[in-house]
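The structure appears below as structure tokens.
What follows is calculated from the coordinates using simple rules that are stated; it is not laboratory data. Every value quoted in this text rests on a predicted model; they were computed, and no experiment measured them. Here the Cβ is made from the backbone with ideal geometry for all residues, glycine too, and neighbour counts use every protein chain on show.
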Amino acid sequence: MSARTIVALSGGIGGAKLALGLTRVLPPGALTVVVNTGDDFEHLGLMICPDLDTTLYTLGGLANPELGWGRADETWTFMRVLETLGGESWFRLGDGDLALHVERTRRLAAGESLTTIIADVARRFGIGAAVVPMSESPVRTRVLTAAGELAFQDYFVRQRCAPALTGVRFAGADAARAAPAAVEALTADSLAAIVICPSNPYLSIDPILAVPGMRQLLEQARVPVIAVSPLVGSRAVKGPTAKIMQELGVELSARAIAAHYADVIDALVLDEADAGLAAHIPVPVHVCKTLMVSLGDREQLAREVLGFASRLSPG
Ligand code: GDP
């Protein structure tokens with residue numbers, strides 16, 4: 001599929017794993033990753049974009065495999081000194097990571113778009129895919145809990161997802177516009193498939209779908225829209241996806257993932273541990289190993305998804 005292009009919708013860690021596999025099996029320039037910016041926030045005067053940065057570090061071969069976030073070979077002088085000064089230290093910022101936040105904040109203040117800045121960083125990191133924020137407009141994920149509404153990073157990092165979640169809202173989404181580069185990729189004549197990465201549906205993919213026009217672009221797409229389930233053996237590989245599903249009273253299974261995406265997907269990729277659910281899912285299903293431990297696993301899942309997409313395509 002040399003002239004064909006693929007769009008992947010992604011959050012952070014789980015999504016970036018498949019995005020990396022896709023970049024490695026697709027020709028250069030064939031992949032656009034549209035990334036959630038609902039987690040973005042201003043902290044210490046800096047604009048921080050956790051999912052975009054995880055994507056950049058992962059695709060650029062710079063990610064920290066032990067932490068699962070941030071950069072490899074990181075140093076922490078800034079954080080140590082900040083602590084001795086009595087500064088806020090609940091959100092960890094490594095020295096190298098900090099440089100990206102400082103430079104992004106400076107360039108945004110100088111009037112550059114987030115899309116341009118991220119594209120430039122991706123190029124400097126040697127990334128062969130287009131990495132695109134879902135929107136230039138601020139959309140901020142807010143988590144509803146019994147104790148009130150929390151800003152996303154307050155819930156996710158400061159409180160380590162401990163409060164029971166009763167709902168999620170995306171402040172600013174109604175007035176947001178999809179990033180032109182995302183719309184262009186999703187409407188390109190060359191588009192062969194849209195992949196919803198195995199990201200948290202509620203916290204990573206829903207914010208993207210909340211941007212006006214995004215959901216319609218997926219519903220109306222003439223190419224297969226395929227989600228990869230973030231559950232393996234009806235459990236989340238990492239993070240709060242399963243906890244949130246239980247708190248929302250949703251069945252903890254890929255069936256609920258299919259139901260959640262019912263309006264937008266044409267097909268679902270299920271882990272082999274969930275093969276028994278295939279018959280209960282109302283869209284075409286492809287069963288394969290979806291647990292990505294090695295680089296080879298990421299590439300193999302990418303091949304499985306692309307092969308499935310080719311079989312689903314009419315032409
Ligand atoms: P975050 O924004 O950093 O939390 O990352 P994402 O939302 O992109 O990804 C979190 C989701 O990825 C969780 O629901 C995990 O279950 C899922 N996940 C992580 N690794 C894997 C994997 O290897 N295979 C599958 N199928 N899902 C994964």
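Bins of 5 Å, beginning at zero and ending with the bin holding the largest distance: percent of Cα pairs per bin for segment 183-299, please.
2, 11, 22, 23, 20, 14, 7, 1, 0
Starting with the highest mean, order 203-210, 107-114 by the number of other Cβ atoms within 10 Å, averaged over the residues of each peptide.
Per-residue mean Cβ counts within 10 Å order the peptides as 203-210, 107-114.
Putting +1 on Lys and Arg Cβ atoms and -1 on Asp and Glu Cβ atoms, find which of 278, 82, 126 reaches farthest to the positive end of the dipole of the chain.
278
Quote to one decimal, in nm, the extra length available between residue 103 and residue 44 on full extension: 0.36 nm per residue of separation minus the C-alpha distance between them. Walk me through the numbers on the way to the answer.
Details: separation 59, 0.36 × 59 = 21.24 nm, distance 1.37 nm.
Value of the extension gain: 19.9 nm.
Go through 35, 52, 67 and say which Cα lies farthest out towards the positive end of the charge dipole of segment 34-80; charges sit on Cβ, +1 for Lys and Arg, -1 for Asp and Glu.
67
Work out the length of the dipole vector of the chain about its Cα centre, built from +1 on the beta-carbon of each Lys and Arg and -1 on the beta-carbon of each Asp and Glu, and round it to the nearest 20 debye. Walk me through the numbers on the way to the answer.
On the way: 27 positive and 33 negative charges, 66 e Å.
It comes to approximately 320 debye.
At 0.36 nm per residue, and after removing the present C-alpha to C-alpha distance, how many nm does the segment from residue 280 to residue 146 gain when stretched out fully? Write down the numbers at each step before the final one.
Values: separation 134, 0.36 × 134 = 48.24 nm, distance 3.32 nm.
Difference between extended and current length: 44.9 nm.
Once R0 is set to 25 Å, what does the formula 1/(1 + (r/R0)^6) return for the Cβ-Cβ distance between residue 216 and residue 291, expressed as a FRET efficiency to the nearest 0.05? Each step should come with its number before you reach the end.
On the way: r = 33 Å, r/R0 = 1.31.
Once the sixth-power term is evaluated, E becomes 0.15.
Roughly how many nanometres apart are two label points built 7 Å out from the Cα toward the Cβ at residue 187 and residue 160?
4.6
Based on other C-beta atoms within 10 Å, arrange 39, 266, 189 from fewest to most.
Ranking 39, 266, 189 by Cβ neighbours within 10 Å, fewest first, gives 189, 266, 39.
With just the Cα atoms of the chain, tell me how far they stretch along each of the three principal axes, in Å, largest first.
Result for the chain: principal-axis Cα extents of 59, 44, 39 Å.
Given +1 on the Cβ of Lys and Arg, -1 on the Cβ of Asp and Glu, and no further charges, what dipole in debye does segment 154-266 carry about its Cα centre, rounded to the nearest 20?
Computed about the Cα centre, the dipole is about 440 debye.
Please find the FRET efficiency linking residue 84 to residue 113, where r is the Cβ-Cβ separation and R0 is fixed at 35 Å, and quote it to the nearest 0.05.
According to the calculation, E is roughly 0.45.
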